[in-house]
Amino acid sequence: HCQKITKDYINNPLSMLFVHLSFGDKKSQIDYTSKIKEPMDLSTVNKRLKENCYSNIQEWAYDMHLIFN
């Protein structure tokens, strides 16, 4: 179920800013990383699901919360 939900988010146009971490320039990256201590994106969550990196649903939910918080 987690993989389906994650893919639904990835395919939703409203989530496009959350699919990959991307920065326009070095200053933007520095600003982002100074404010966001645990960066996360949907493509990373999807990769972790495919590689069975989550041992339980709470770990997946934690990463999803990081993205949208």
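The values are calculated or read from the model by the stated rules, or taken from the named source; none is laboratory data. All values derive from a computational prediction rather than experimental measurement. Cβ sites come from the backbone with ideal geometry, for glycine too, and all protein chains shown count toward neighbours. Side chains included, ligands, DNA and RNA excluded: accessible areas come from the protein's heavy atoms. Shrake-Rupley method; radii C 1.70, N 1.55, O 1.52, S 1.80 Å.
Under a 1.4 Å probe, what is the accessible area of the chain per residue, stated in Å²? Intermediate values should be presented prior to the final figure.
Numbers: 5290 Å² over 69 residues.
Heavy-atom accessible area per residue stands at 77 Å².
Quick check for me: using +1 on Lys/Arg Cβ and -1 on Asp/Glu Cβ, what's the dipole size of the chain about its Cα centre, in debye to the nearest 20?
Values: 9 positive and 8 negative charges, 19 e Å.
Around 100 debye, computed over the chain.
Where does the charge balance sit around Thr44 when Lys and Arg score +1, Asp and Glu -1, over other residues with C-beta under 12 Å from its C-beta? Mind showing how you got there, number by number?
Values: positive: Lys47, Arg48, Lys50; negative: Glu38, Asp41, Glu51, Asp63.
Taking every other residue near Thr44 into account, the sum is -1.
For n ≥ 4 DSSP H runs only, could you compute -39500 (n - 2.57) per run for the chain, divide by its residues and tell me the 222 nm figure to the nearest 500?
-17500 deg cm²/dmol
Heavy atoms only, probe 1.4 angstrom, no DNA, RNA or ligands counted: give me Ile5, Ile67, Ile57 ranked by accessible area, highest first. Could you put the intermediate results ahead of the total?
Numbers: Ile5 70, Ile67 15, Ile57 100 Å².
Largest to smallest exposure gives the sequence Ile57, Ile5, Ile67.
Want the number for Ile5 to Glu59: 0.36 nm per residue separation, take away the alpha-carbon distance, what's left?
Values: separation 54, 0.36 × 54 = 19.44 nm, distance 1.45 nm.
Extra length from Ile5 to Glu59 when fully extended: 18.0 nm.
May I have the count of lysine pairs in the chain with C-alpha atoms under 29 Å apart, counting pairs 8 or more residues apart or located on different chains?
17
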